[in-house]
Every structure is written in structure tokens, then in C-alpha cells.
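The values are calculated or read from the model by the stated rules, or taken from the named source; none is laboratory data. Predicted, not measured: the structure shown is a model, and the values here were computed from it. Methodologically, a virtual Cβ is constructed for each residue, glycine included, from the backbone with ideal geometry; neighbour enumeration extends over all protein chains shown. Ligands, DNA and RNA are excluded from the accessible area calculation, which covers all protein heavy atoms including side chains. Shrake-Rupley method; radii C 1.70, N 1.55, O 1.52, S 1.80 Å.
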Amino acid sequence: MTQVTLSELNHVKESRFASELADIFEESIWIAEETANKRPFSTVEKLHQSMVDVVEQASNDKKLRLIRAHPQLGSRERMGDLSTNEQRKVGLNQLDNKEYEDFIALNNLYMNTFQFPFIVAVKGKTKTDIYCDIKERLQASKTDEIKRALDEIYKIAYFRLYDRVKDENRIEGMK
């Protein structure tokens with residue numbers, strides 16, 4: 001998708017707002033739909049916080065569906081374009097056979113332990129960082145991991161919004 005300005009998002013119909021931001025949260029257009037009526041937003045950060053608030057106010061079932069909508073890191077399953085690109089940038093699409101087997105084994109152990117996929121914002125991380133994160137987080141409680149997964153999803157959404165939405169008031173180079 002092409003970049004859209006914050007001003008445009010503040011003035012388009014709700015359906016276009018939702019379609020422009022449909023993939024910010026993995027397979028969860030409902031978040032963009034519910035955020036549309038909270039406009040206008042003065043910054044991308046306020047837009048992001050409003051989307052986070054929608055998730056935080058959602059039922060536990062909806063939160064778990066959002067978490068479960070994410071693909072397993074390092075897997076070769078079909079996933080959305082944004083997830084594919086994010087994983088490609090850290091080399092998760094180029095795992096050798098041993099790395100792939102190790103990632104799949106840890107992912108499966110994580111999935112069996114928590115009943116949802118391991119989620120981490122991969123930007124700025126290496127595949128080694130991610131591998132170590134999975135091993136460490138396997139020691140957490142399910143309650144802690146649900147919170148951590150949502151926090152990571154919020155980071156992913158912020159990075160996606162920052163790339164997608166041009167904030168006319170943002171000083172370039174500032175994140």
C-alpha cells in the first residue's frame with residue numbers, strides 16, 4: 001500500500017479509513033473500523049494510541065483472536081505482505097535447515113505451552129535475538145505472555161503506522 005497522509009485519514013469516509021489501515025493489526029480490520037469514529041487525530045502517535053485503546057477495551061476472546069491471527073516467526077506458511085516483509089528484513093525467510101528446524105521446534109513448544117504463536121516486533125532484531133527471546137519467554141506465565149504478546153503487537157502496529165501514514169507535522173528523522 002502507498003503512504004497516506006494523516007490529514008487524508010482524518011477526512012475520508014469510515015470505510016476508506018478502515019481499508020487504509022486494515023493490515024496495521026494482523027487480520028483485524030475491526031480495530032481500524034472502531035478507531036475511525038475517534039477522529040480527528042493530531043499525530044500518528046495519537047492514532048496509534050487510539051487503536052491500542054480499542055484493543056485494550058476489547059474482550060479477552062477478541063484479544064486472543066488478534067494474537068492468534070499472527071503467523072509463526074520463521075515458518076514457511078503463507079502470511080500477509082507486511083509480515084512477510086518484516087520477517088524477510090531480519091533473515092527469517094533464509095534460515096538454513098538446522099535453523100529452520102530449531103525455530104519450528106521452539107515455535108511448536110511455545111504454541112503448545114500458550115495456545116498462540118510467539119510474537120515479537122522484529123524490527124532492529126537479529127534471528128539470534130528472536131531465537132533467544134522465544135527460549136526466555138517460554139519460562140513466563142500465560143497471563144504474562146498474553147500481555148507481552150499484545151505489547152509486541154502494539155510495537156508492530158506502530159512501526160507499520162509510521163511507515164504507512166505521513167504525518168505532516170512530524171519532523172522527519174524523529175521516531
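Among the listed pairs Lys38/Lys127; Lys13/Lys123; Lys13/Lys46, those whose Cα-Cα separation exceeds 30 Å are Lys38/Lys127; Lys13/Lys123. When all protein chains stay in place and ligands, DNA and RNA are ignored, the 1.4 Å accessible-area order of Asp144, Asp133, largest first, is Asp144, Asp133. Separation of region 124-169 and region 20-71, taken as the distance between their Cα centroids, equals 15 angstrom. Among the GluC sites (Glu not before Pro) in region 13-68, none sits in a DSSP loop with a Cβ that has at most 11 other Cβ atoms within 10 Å. Solvent-accessible area of Arg16, all protein chains in place: 90 Å² (probe radius 1.4 Å, heavy atoms, ligands and nucleic acids excluded). Sorting Thr5, Thr128 on solvent-accessible area from highest to lowest, probe radius 1.4 Å, gives Thr128, Thr5.
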